[in-house]
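Below you'll find the structure, written out as structure tokens, and then a few comments.
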2 protein chains.
Amino acid sequence: MSKHILSVLVENKPGVLTRVAGLFSRRGFNIDSLAVGETDDPTISRMTIVADAAEHSLEQITKQLYKLVNVLKISDLDPKESVQRELVLMKVNAAPTTRAEIVETANIFRANIVDVSKNTLTLEITGDKDKITALEDLLKPYGIKEFVRTGLIALSRGRLGEG
Amino acid sequence: MSKHILSVLVENKPGVLTRVAGLFSRRGFNIDSLAVGETDDPTISRMTIVADAAEHSLEQITKQLYKLVNVLKISDLDPKESVQRELVLMKVNAAPTTRAEIVETANIFRANIVDVSKNTLTLEITGDKDKITALEDLLKPYGIKEFVRTGLIALSRGRLGEG
């Protein structure tokens, strides 16, 4: 079993997401994260799915995905040969006495402060999973009130497929 | 019909995503974007769904979502009272003669260059939809080779619910 990043181009039509997700759940795969949105062509969406799977199960699921109407292209992205990023928003408890510390920690991670209230700070951070986990661990003692992540997106590195 | 941002807390179990997505597709709603990933508690995931819906249809779908096992909480986030962000990776054609122009454009948008090859640049940008569309429009003439977006994630502004 190992982590796989599947990048799936699909036609942007109702029901496609359900059929793709259904294929994974019928086979008992838990999807770690899934992000889907339009590409630069609004009739086509790209789904990025991170799931734990053995190599042969993945081959089977890829074959079945191709059988679905509306699925155009599937790439199994090699983690070493792709750029991977995700975005997280975290709302953290911030009292007047702790606010400066939290801002300083955010700066070290190049996280942006995107909202401030009397008792909270909301931070935006992009990066890979390790970077996000490291920031999360440092902020936990203050109390994380809300946490939302996009799930990973990825593109193959540019040099691949070039002459 | 108007855009709604639904933030749905669910138990992190196989099949939950399929059931939630299925509910939308059976009612003929197209999901504009969907992002799902673990929260700071790995047993709980948060799904952020952007969909076009009339107010009364949304109420119905919310009721039905609550009937699903594994759905813990649903918030309909007001676009004016929430922080919204998404992350995009774009791979753009970049010849030696156009590279400097593209880097300059990226800097204006505070986009990061995350990969470089002989013929391409890969940019990472976070922001709201307008900012991303503006950068996309400026880069289109060079040729966008690949484009992946996470879909929107959002959190309510911190001052809400405070005393």
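The values are calculated or read from the model by the stated rules, or taken from the named source; none is laboratory data. Just so you know, these numbers come straight off a predicted model, no measurement behind them. Cβ: placed from backbone, ideal geometry, glycine included. Neighbour counts: every protein chain shown. What goes into the accessible areas is simple: the full protein's heavy atoms, side chains included, and nothing from ligands, DNA or RNA. Shrake-Rupley method; radii C 1.70, N 1.55, O 1.52, S 1.80 Å.
Measuring label to label, 7 Å along Cα→Cβ, what does B:GLN60 give against each other copy in nm, shortest first?
3.8
Can you give the net charge of the other residues whose Cβ lies under 13 Å from the Cβ of B:GLY151, counting K and R as +1 and D and E as -1? Numbers along the way, then the final one.
Numbers: positive: A:ARG46, A:ARG149, B:LYS3, B:ARG46, B:ARG85, B:LYS129, B:ARG149; negative: A:GLU38, A:GLU86, B:ASP32, B:GLU86, B:ASP128.
That works out to +2.
From the label point of B:LEU72, set 7 Å from Cα along Cα→Cβ, how far away are the matching label points in the other copies, in nm, ordered shortest to longest?
When each copy's label point is compared with this one, the spacings are 3.7 nm.
Taking the Cα centre as origin and putting +1 on Lys and Arg beta-carbons and -1 on Asp and Glu beta-carbons, what dipole magnitude results for the protein assembly as shown, to the nearest 20 debye?
Details: 44 positive and 44 negative charges, 134 e Å.
Charge dipole, the protein assembly as shown, about its Cα centre: 640 debye, nearest 20.
Using a 1.4 Å probe on the protein heavy atoms, what percent of the accessible area of region B:30-118 belongs to carbon and sulfur? Write out the running numbers ahead of the final one.
Numbers: 2240 of 4350 Å².
Carbon plus sulfur share of accessible area: 51 percent.
How much area per residue is accessible in chain A when the probe is 1.4 Å and only protein heavy atoms are counted (Å²)?
Details: 7440 Å² over 163 residues.
Per-residue value: 46 Å².
For peptide B:6-15, how many partner chain Cβ atoms fall within 10 Å of a residue's Cβ, on average?
The per-residue average across the peptide is 3.
How much length, in nm to one decimal, is gained on full extension between A:LYS140 and A:THR62, taken as 0.36 nm per residue of separation minus their Cα-Cα distance?
Values: separation 78, 0.36 × 78 = 28.08 nm, distance 3.85 nm.
Roughly 24.2 nm would be gained on extension.
Quick one: with label points 7 Å out along Cα→Cβ, list the inter-copy distances for A:VAL116 in nm, shortest first?
So the label point of A:VAL116 gives 3.5 nm to the other copies.
May I ask which residue of B:SER2, B:VAL148, B:ASN107 lies farthest towards the positive end of the charge dipole of region B:1-156, with charges of +1 (Lys, Arg) and -1 (Asp, Glu) on Cβ and the Cα centre as origin?
B:VAL148
Which value, in nm² and rounded to one decimal, describes the direction-averaged projected area of the C-alpha convex hull of region A:1-70? List each step's numbers first, then the result.
Working: hull surface 17.3 nm².
Taking the Cα atoms of region A:1-70, their convex hull projects to 4.3 nm² on average.
Give the Debye-formula value of log10 I(q)/I(0) at each listed q (0.06, 0.10 Å⁻¹), with one equal scatterer per alpha carbon of the protein assembly as shown, two decimals each.
Those come out to -0.20, -0.57, one per q.
For a quick protection proxy, order the peptides A:108-120, B:15-27 by their average other-Cβ count within 10 Å, most packed first. Don't skip to the answer; put the middle values down first.
Working: A:108-120: 16.5, B:15-27: 20.0.
Final packing ranking: B:15-27, A:108-120.
Which net charge results when you count Lys and Arg as +1 and Asp and Glu as -1 among the other residues whose beta-carbon is under 13 Å from that of B:VAL50? List each step's numbers first, then the result.
Values: positive: B:LYS3, B:ARG85, B:LYS129, B:ARG149; negative: A:GLU38, B:ASP32, B:ASP52, B:ASP76, B:GLU86, B:ASP128.
Neighbour charge sum, excluding B:VAL50 itself: -2.
Roughly how many whole Å is it from the C-alpha centroid of region A:120-137 to that of region A:39-98?
Here the two parts' Cα centres lie 19 Å apart.
Rounded if a/c is under 1.5, else prolate if a/b is larger than b/c, else oblate: which is region B:1-157, with a ≥ b ≥ c the root eigenvalues of its Cα gyration tensor? It would help to have the intermediate numbers written out before the result.
On the way: a/c = 2.56, a/b = 2.22, b/c = 1.16.
Prolate shape, in that a/c is at least 1.5 and a/b is the bigger ratio.
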